[in-house]
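Following: one structure in C-alpha cells, then a few remarks.
The values are calculated or read from the model by the stated rules, or taken from the named source; none is laboratory data. Small disclaimer: the values here were computed from a predicted structure and weren't measured. When we count neighbours, we look across all protein chains shown, and the Cβ atoms used for this are built from the backbone with ideal geometry, even at glycine. We work out accessible area using only protein heavy atoms, side chains counted, and drop any ligands, DNA or RNA first. Shrake-Rupley method; radii C 1.70, N 1.55, O 1.52, S 1.80 Å.
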Amino acid sequence: MAAGTETVLDVENLRVSSGARGERRVLVRGVSLTVGRRRTVALVGESGSGKTLTGLALMGLTPAGTAVAAERLLVGGVDLTRMSEPEFARVRGRRIAMVFQNPMEALNPVLRVGHQFSQVLTRNLGVSRSDARDRARELLDSVGVSDARRRLGQYPFEMSGGMLQRMMIALALAAEPDLLVADEPTTALDTTLQAQVMALLAERREDVGMGMVLVSHDLGLVAEYADEVNVMYAGRVVERAPTREMFASPVHPYTLALLRTVREIASPGTDRLSSIPGSPPPLDDPGSGCAFAPRCSFATAECTAVVPELKGVAEGHDVACVRSER
Amino acid sequence: MWRFALVRTGQLLVTLFLASVAVFLVIEHAPGDPAQVQLGLSATPAEIAVERRKLGLDASVMHRYVVWLGQALHLDLGRSFATGLPVTRTIVTAFGYTLRLDVLAIVLGIALGLPLGIAAALRRGSRLDAGISAFAALGLSVPVFAMGTLLILVFAVHFKVMPAAGAGVPGQSVLSSLRYLVLPAATLAIPFAAVLARYLRVELGEAMEQPYVLTARSLGLRRRTVVVNAWRNAMIPTITVMGIQVGRLLAGAIITETVFSYPGIGYLTVQSIQSLDYPVVEGVLLLGAAVFLLVMFVVDVVIGFASPRMRIEGA
Ligand SMILES: Nc1ncnc2c1ncn2[C@@H]1O[C@H](COP(=O)(O)OP(=O)(O)O)[C@@H](O)[C@H]1O
Ligand code: SF4
Ligand SMILES: [Mg+2]
C-alpha cells in the first residue's frame, strides 16, 4: 500500500467456520486484507471459492450456523471483533456497507423505493423524514438517476437492474462509509451497463473517500479498477500482489490458469468460454495439502503433504505454492 | 379497480343464481315430506294434502322456483314452514348472533396466532418453535366438538365460571351477553390461531431468508424494522388463507354452534335441515355462499393493496 494512505480496513487471519463445536468445519481461513482510503482491493476466484462469505464476514452477516473469528478486524479504526449484534448494526451502513450481486432482489418488493431510502437515511444520518426525502434526491443525483422524485415513488419491480444497482449504491454510500464491499456489483447487468456502474463506483469511491473490497471473477474488471488483487481458492488466499505485478508476473499455478482462460476468451476465434478443467473442492472439504493439487499440472507428492503457506516472492507479492518456496 | 369490482359482482350474482337452482333441486329430491314433519306422524293423508297446499308444495318445482326467485329479487325469501316467520328476518337475526361470535373469535384468534406465528418464524428450530408447532398441531387436530365439550366441562360444569349454552336473554347487559360468547369463541379461535400461526411461521420464515433482508441488514436497519418489512411480504399469502377461515366462520360454525346451542346461522342450518324447513334451508345456504364470495372479494381487494405488484400490473 502506498505510504501515507490511511488504512480503512485492517483484517488479519479472518476465519469463517460452520457447524456446532466439536464438528466445526472451516470454510474460509487465513484471509488478511489491508485497504487504504480511496484504494480498491480485489478478491478473485472461481465461483464457490469463498469470496462472498469473506465479504459477509467483514459485515458480520454470515449465514446462521456459521462463526467468524479474526486476529484483528478494524474498519475505520473501529474494532469489530467484539461487537454485539445491535452494536454491529450501528456500524453497518455507516462505517462499512455492501453492494450485492443481484440488484433485482436486493430491495423489498412491497415497499416504495422512497420508503426504503427513508428508513435507511433516518437511521444512518439521523435526519427527519422530510430531510430524508431531500437527501434521497441528492443521493439519486449523485449516482446518475434522473427524475428522482418519480423514481422514489416507484416499486423495485418497476425499474431495470441497472437503475436498481445505482439505487443500491446510493443507499450503501448514503452515510459515506469508510469501506464498501462490492460483491460482483456488475455481474447481473448487461455488458454496456457494467462499465457504467464500475465507473460510477470508482467515482463515488473518490468522492466519498472510502476504501473498496471488490469481489469479482472478472479479471478484466479487476485489472482496470483494483490496486491489489487477492486470488482465492477453496477458502484461502493463494496469491496476492499489486494489480500490475499480478498481471505481469503471476506465480501460482491457479492464477496462471485463471489468466489463461481470460486470454483465450479475449483472443479472436474463441467464442466459447474456456475454463479450468475440473472444479474447485467444497469449502468445508478442501482435501489434504494444497487444495488445487487435483487440478494442478505441476502437482507433486510434496503438494498433498502440507498446506503451502503464503510466502513473499517479491515486494508486496505473496504466493502459497510449494514451487515458489524453493 | 372498478372493473375488478364489477366483474366480481357479476360473478357473485351468477354463482348465487346457480347455487339457488342447485339448492332447489337437491331439496326437491331430499327424502321426507315437510308437511308430514310439521304435522307429526299422526296426521292423516287428507290433512297432509291440505298442509302441502298451505306450504305451496302442491305446485311444480319449476313454478315454485320462479315464484321464489321473483320474491328473492326483493329480498323476500318466503316464510319458515316451522315458525311462519319471514325467512329473511330469521336469517338476519341468526346472522347477527354469528357475526358477534365470529368477531370475538377472530380477534382472539389473531391475538393468539399472530404473536405465536411471528415468534416461531423468528426462532425456527428452537424449543419455542417446537412448542408453538405442537400447539398448532393440537389446535388443528382436536375435533371442534371435543374442544367445545372440553371447555364446557372445565369452565361451565367444573368451575362454573361460564354459561354452558345459549346466548342469554334479550336485553341483557353487554357484559353478560359477552359471557355467553367466550367459550364458543374460544372453541373457534383455537383452530383459527393454529392456522394463522402455522402460515406465518412458514411465510415469515421464508421472507426472512430473502435477499432483501440481507440488504436491509447490511444497511444497518434495526431488527424490528427488518422484521416488519419482511412481515409485509409474508402477510400477502397469509391473508388469502385467513380469508378462507373467516369465510368459513361467517357461513356458520355448525358444530360449535350446535355444541353450545348458540342461535347463529350454523345452528339454524341444522335445525332447518332436520325439520325439512325448505325456505330456511335455501336461505341459509345462499347466505353462506354469498358471505363466502364476499369475503373472498374483500381478500382480493386487501391483497391488491398489500401487493403493489398486483395493484400496478394487475397480475
Ligand atoms: N454453513 C455452510 N456450511 C458449508 N458450506 C457452506 C456454508 N455456507 C456456505 N457454504 C459454501 O460456501 C460456498 C459459497 O461460497 P461463496 O463465498 O458464496 O463463494 P463465491 O462468492 O466465491 O462464489 C458454497 O459452495 C457453499 O456451499
Ligand atoms: S502447491 Fe503444488 S499443487 Fe498446489 S499449486 Fe503449487 S504446485 Fe500446484
Ligand atoms: Mg459470490
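One table, with the values for the structure above:
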item	result
Matching residues in region B:69-86 - criterion: being surrounded by 17 or more Cβ atoms within 10 Å (Cβ to Cβ) and touching a Pro at 6+ places or on another chain (Cβ under 8 Å)	B:L77, B:G78, B:R79, B:S80, B:F81
The lone exception for B:F192 - which of (1) open to solvent by less than 20 Å² (accessible area, probe 1.4 Å); (2) facing chain A (nearest Cβ under 8 Å) it fails	(2)
Tally of residues being in contact with a Leu (Cβ under 7 Å, 6 or more places away or on another chain) and away from chain A (no Cβ under 12 Å) across region B:228-249	3
Among the candidates A:V145, A:V181, A:V197, residue that is closer than 30 Å to A:T5 by Cβ and not in a helix (DSSP H, G or I)	A:V181
Out of B:V291, B:V281, sole residue that is within 11 Å of the chain's Cα centre (by Cα), part of a helix (DSSP H, G or I), crowded, with 21+ Cβ neighbours inside 10 Å and of a type in the set (V, I, T)	B:V291
Some residue of region A:52-70 being within 16 Å of ligand 2 (Cβ to nearest atom) and not charged (D, E, K, R)	no
Hits in region B:223-280 - residues which are closer than 30 Å to B:G84 by Cβ and hydroxyl-bearing (S, T, Y)	B:T256, B:T258, B:S261, B:Y262, B:Y267, B:T269, B:S272, B:S275, B:Y278
Per-region count, region A:120-141, residues part of a helix (DSSP H, G or I) and either away from every other protein chain (no Cβ under 14 Å) or open to solvent by 30 Å² or more (accessible area, probe 1.4 Å) (or both)	13
Criterion (within 16 Å of ligand 2 (Cβ to nearest atom) and either more than 14 Å from chain B (Cβ to nearest Cβ) or in contact (Cβ under 8 Å) with a residue 60 or more places away in the chain (or both)) met by exactly one of A:E46, A:E23	A:E46
Leading residue by the ranking (surrounded by the fewest Cβ atoms within 10 Å (Cβ to Cβ)) among those in region A:234-256 that are over 20 Å from the mean Cα position of the chain (by Cα) and either within 16 Å of ligand 1 (Cβ to nearest atom) or not in a helix (DSSP H, G or I) (or both)	A:S249
Residues of region A:86-115 that turn out to be within 8 Å of another protein chain (Cβ to nearest Cβ) and either under 21 Å from B:A207 (Cβ atoms) or in contact with a strand residue (DSSP E or B) (Cβ under 9 Å, 6 or more places away or on another chain) (or both), as a count	16
Subset of region A:172-200 [in contact (Cβ under 8 Å) with a residue 60 or more places away in the chain and open to solvent by less than 10 Å² (accessible area, probe 1.4 Å)]	A:A172, A:L173, A:A174, A:P177, A:L179, A:L180, A:V181, A:A182, A:D183, A:P185
Selection from region B:1-35 of residues that are open to solvent by 40 Å² or more (accessible area, probe 1.4 Å), at pLDDT 75 or above and of a type in the set (F, W, Y)	B:F17
Odd one out for A:G55, checked against (1) within 13 Å of another protein chain (Cβ to nearest Cβ); (2) under 11 Å from A:V213 (Cα atoms); (3) more than 10 Å from ligand 3 (Cβ to nearest atom)	(3)
B:R89 being within 24 Å of the chain's Cα centre (by Cα), open to solvent by 50 Å² or more (accessible area, probe 1.4 Å) and charged (D, E, K, R)	yes
Looking only at region A:42-51, and only at residues there that are within 18 Å of A:V26 (Cβ to Cβ) and surrounded by 20 or more Cβ atoms within 10 Å (Cβ to Cβ), the one that is farthest from ligand 1 (Cβ to nearest atom)	A:L43
Candidate set: region A:303-326, residues that are of a type outside the set (V, I, T) and within 22 Å of A:P277 (Cβ to Cβ); chosen: the one most open to solvent (accessible area, probe 1.4 Å)	A:R323
Tally, over region B:145-158, of residues that are open to solvent by less than 50 Å² (accessible area, probe 1.4 Å) and touching a residue at least 40 places away in the same chain (Cβ under 8 Å)	3
Residues satisfying the stated conditions in region A:101-119, i.e. open to solvent by less than 30 Å² (accessible area, probe 1.4 Å) and touching a residue at least 60 places away in the same chain (Cβ under 8 Å)	A:P103, A:A106, A:L107
Subset tally (residues that are in a helix (DSSP H, G or I), free of Cβ contacts under 8 Å to residues at least 60 places away in the same chain and open to solvent by less than 70 Å² (accessible area, probe 1.4 Å)) for region B:116-144	6
Close pairs (7 angstrom Cβ cut-off, 6 or more residues apart or separate chains): under 17 Å from A:L173 (Cβ atoms) in region A:140-156, open to solvent by 60 Å² or more (accessible area, probe 1.4 Å) and assigned to a helix (DSSP H, G or I) anywhere	A:A148/A:R137; A:A148/A:D141
